[in-house]
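S.K.: Sending over a structure as structure tokens; questions will come in a sec.
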Amino acid sequence: MLRLGLLLALAVSSVPLGAQPLNPEASPRHGTLQLAAGGSEALDLVLDVPETHPEVDCVGTLNPSAPDAVVEWRGSGPMRLWVRSAADATLTVVGPDGQMECVDDEDGVQPALLYERPQTGRYAVWVGAFGIAEMGGTEATLYAGSPPEPVRLGAATEAPMLAFDGGSEVTMDVDPGGLHHAEDLGMPDYCPGFYHAEPTARVSGVAPYAISATSDTDLTLAVRTRGGGWLCNDDQFGFGDTDPGVDVQGEGEHTVWVGTFRGYARTESPSATLIVSAELDGGETLDPVDPGMFDPRSRFSEATYVPLDLDADGMTATLAAADETVEVSVEVGEVVSNPLAGDNCNGYIPVGRTLTLAAEGSGPITLHATGDADLVMAARDADGQWFCSDDATGRDPAIEVQAGDTAIWIGTFSDSGEESATLIARRGAIDDVLPPPDEIDLDFDDLVMDDPIPYSEGLYDGNELGGAAEELTLTGGGVTRSVAAGGDLPNPVEGDACVGHLTAAPTAQVASVAETLAFTASPDQGGDLMMVVQAPDGRWFCSDDHNGLSPGIEVSGAGDGTYTIWVGTFGRLDTPVDATLRVQEGPLPPGD
């Protein structure tokens, strides 16, 4: 895992004028941990965070006057420090050599630091909070010691059973959460939260049904289906709701973990209720966004801090005080899935910045990236605020910042390889610089009105895709099955219609001796689906838009054998959507 850490030397401090610097020599407020190699110790804290972090490159709030704790290390191996709290905690440590490290999100939203070769001596530790208004709690536990051993998910056989007969909802009081972050337990990276290794419950019922949980605590939910797939959720009804829920389409017994989004201190013991019902109840479900819709008013959005490499070198461009505009040609090289969180934080961006713009003078500056590819952009302004943009005008991103030094990341909506782009920085607000909304609508319509390729053959020789899947049986020449569609893996198959995101494990498999088979899929409640099929003869096929936003594939002459099917979505999804898969002997029905 990439550690979001910042190494600072106290001798070359970046403390703003008037701010109180950290005092690592002061007596700790909560106690001292004496540690040697092997095992770990814990110390319970009450968060005291009256001031903004004095180091300008460290986020959050803390009390700089004295450490919260001191760790005396006498071991010989690696040492790890980590925090659990219902607050969004931060961690700052000054080691025996006077060097300081500050970290925010390492274990999900909780901080952790790993010292591979720690020096013997005194480590002054501050546990802070990312933001006072969003703390969520005032208690925290600091853990310190040798790195913990890897943890495996527990077996479901000992978990209590909750059965739903299709009538009234059934409930169970549960203890949510635990010490382990979802990723450490081997859950997919779209599963947020902290969990016990042992499952919370086993659930079965008359499908379709809903699994949800409720509590005063911000909960998360992870469900491992009978077929081995995962359904995960944080806030089922969108922003402001903290209760998770998922819809289950498949029959059989599923294993459930109820977690907490931020974790909690060991002095706290949250409680929750697990619910199995005919449908989710508790709020108004947000309609999925139609990727074909474009709102010119949503040109860019604020974002949250993420583990990008802030120290990586990039190009430098200057917008002089006397200049109205500057243009810079850039190359989009190796990219990763955009880790920023925000409404317009889509696509793929480089880990290191593309360039830094030094805008002299004052007033708003509009950043506009353009090129042949569908571009995205992220920026961090001089005040440390993050922004994202995807389609601000047609397929081009644009962001408004104030004069000063702005770090800029330019990427692509899909991982399309190397692309060329031009960054244009103009003086003026984004509404004054970009075309009016009616012209943007016309430009965007021109982009999306091209006739899509309904399906195509593809090329693939990698190893990302594979695994077991449900085996379907053709009855009367066809089969229809409810499935979960979507995932976070970019489609690795190359071809004209090979776009979108899916899971590594296939959705289903079907054996057939028919000369021609047709594969179609449609969303149950709206959405943009895609599909991949591997035929018995080894050929690969992809489809995006065959019938509206729904895929369709026709395969002929593949011989007798098994067809493997993946149903995904055009955009990356953390939680799969419900869809219907159909396999039929004969030609593909015509699309719209």
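The values are calculated or read from the model by the stated rules, or taken from the named source; none is laboratory data. The structure displayed is predicted, hence computed values, not measured ones. When we count neighbours, we look across all protein chains shown, and the Cβ atoms used for this are built from the backbone with ideal geometry, even at glycine. Accessible surface is based on the protein model in full, side chains and every heavy atom, while ligands, DNA and RNA are left aside. Shrake-Rupley method; radii C 1.70, N 1.55, O 1.52, S 1.80 Å.
S.K.: At what distance in nm do the modelled label points of T562 and E360 sit from each other, each positioned 7 Å from its Cα along Cα→Cβ?
M.R.: Each label point is offset 7 Å from its Cα along the Cβ direction, giving 6.8 nm.
S.K.: Please report the carbon-and-sulfur percent of the accessible area for the chain; probe 1.4 Å, protein heavy atoms only, DNA, RNA and ligands left out.
M.R.: Heavy-atom surface of the chain belonging to carbon and sulfur, 1.4 Å probe: 47 percent.
S.K.: May I pose another question? From the Cα gyration tensor of region 523-592, with a ≥ b ≥ c the square roots of its eigenvalues, which class applies: rounded if a/c is under 1.5, or else prolate if a/b is larger than b/c, or else oblate?
M.R.: Prolate, since a/c reaches 1.5 and a/b exceeds b/c.
S.K.: I've got another one for you. Write down, largest first, the equivalent ellipsoid semi-axes of region 315-409 in whole Å, where each equals the square root of 5 times an eigenvalue of the alpha-carbon gyration tensor.
M.R.: 21, 14, 13
S.K.: Can you work out the Karplus-derived ³J(HN,Hα) for every residue in region 25-31? Use 6.51 cos²θ - 1.76 cosθ + 1.60 with θ = phi - 60°, whole Hz, and x for glycine or proline.
M.R.: Calculated HN-Hα couplings, in order: 8, 5, 5, x, 6, 10, x Hz.
S.K.: Mind checking the full-extension length gain between D461 and T316? Use 0.36 nm per residue of separation minus the Cα-Cα distance, one decimal, nm.
M.R.: 48.3 nm
S.K.: Let me ask something else. Taking H placed 1.01 Å from N in the peptide plane, check which residues at least 5 places from E470 or on another chain put their amide H under 5 Å from its amide H.
M.R.: Q509
S.K.: Next up: Computed from the mean reciprocal separation of all distinct C-alpha pairs, what Kirkwood hydrodynamic radius does region 360-418 have, in Å?
M.R.: Computed over Cα pairs of region 360-418, the Kirkwood hydrodynamic radius comes out at 11.9 Å.
S.K.: So who's got an amide H within less than 5 Å of the one on L308, skipping anything under 5 residues away but keeping other chains? H placed 1.01 Å off N, in plane.
M.R.: Here nothing satisfies the definition.
S.K.: Net charge within 10 Å of R380 by Cβ-Cβ distance, Lys/Arg positive one each and Asp/Glu negative one each, not counting R380 itself?
M.R.: Surrounding charge for R380 is -2.
S.K.: Students often get this wrong: which residues of region 173-197 have the backbone nitrogen under 14 Å from the point 7 angstrom along Cα-to-C-beta of R266?
M.R.: 178-180
S.K.: Also, quick follow-up: How much mean residue ellipticity at 222 nm does the chain get from its helices, if each DSSP H run of length 4 or more adds -39500 (n - 2.57) and you divide by all residues, to the nearest 500 deg cm²/dmol?
M.R.: Using -39500 (n - 2.57) per qualifying helix, the result is -500 deg cm²/dmol.
S.K.: Then there is this: Please list the non-local residues whose amide H lies under 5 Å from the amide H of L33, H modeled 1.01 Å from N, same-chain partners needing a gap of 5 or more.
M.R.: Here V70, V71, E72 satisfy the definition.
S.K.: Another question, if that's okay. As an exercise, use a Förster radius of 60 Å and the Cβ-Cβ distance of A511 and T422 to find the FRET efficiency, rounded to the nearest 0.05.
M.R.: Calculated value: 0.70.
S.K.: Per residue of region 324-330, what does 6.51 cos²θ - 1.76 cosθ + 1.60 with θ = phi - 60° give for ³J(HN,Hα)? Whole Hz please, x for Gly and Pro, Karplus curve as stated.
M.R.: 3J(HN,Hα) across region 324-330, in whole Hz: 9, 7, 9, 10, 9, 7, 10.
S.K.: Kindly write out, for region 167-174 in residue order, the coupling ³J(HN,Hα) from the Karplus curve 6.51 cos²θ - 1.76 cosθ + 1.60 (θ = phi - 60°), rounded to whole Hz, with x marking Gly and Pro.
M.R.: For region 167-174, the Karplus curve yields x, 5, 4, 10, 9, 8, 6, 9 Hz.
S.K.: Next question, about the same structure. Can you give me the Cα centroid spacing of region 56-133 and region 515-585 in angstrom?
M.R.: 48
S.K.: In square angstrom, what is the accessible area per residue of the chain with a 1.4 angstrom probe?
M.R.: 45
S.K.: Considering region 72-200, what Rg and Dmax in Å follow from its alpha-carbon atoms?
M.R.: Considering region 72-200 through its Cα atoms, Rg and Dmax are 18.3, 65 Å.
S.K.: Something else: Hey, what's the Kirkwood Rh for the chain if you take every pair of different alpha carbons, in angstrom?
M.R.: Result for the chain, one decimal place: 26.3 Å.
S.K.: How large is the translational diffusion coefficient of region 159-268 in µm² per second when you combine the Kirkwood radius over alpha carbon pairs with Stokes-Einstein at 25 °C and 0.890 mPa s?
M.R.: Once the numbers are plugged in, D ends up at 176 µm²/s.
S.K.: Let me have the relative contact order for region 511-592, percent, based on Cα pairs under 8 Å that are six or more residues apart.
M.R.: 44
S.K.: Just flag the GluC sites (Glu not before Pro) in region 18-109 sitting in loop per DSSP whose Cβ has no more than 15 other Cβ atoms within 10 Å.
M.R.: Loop-located and lightly packed - E25.
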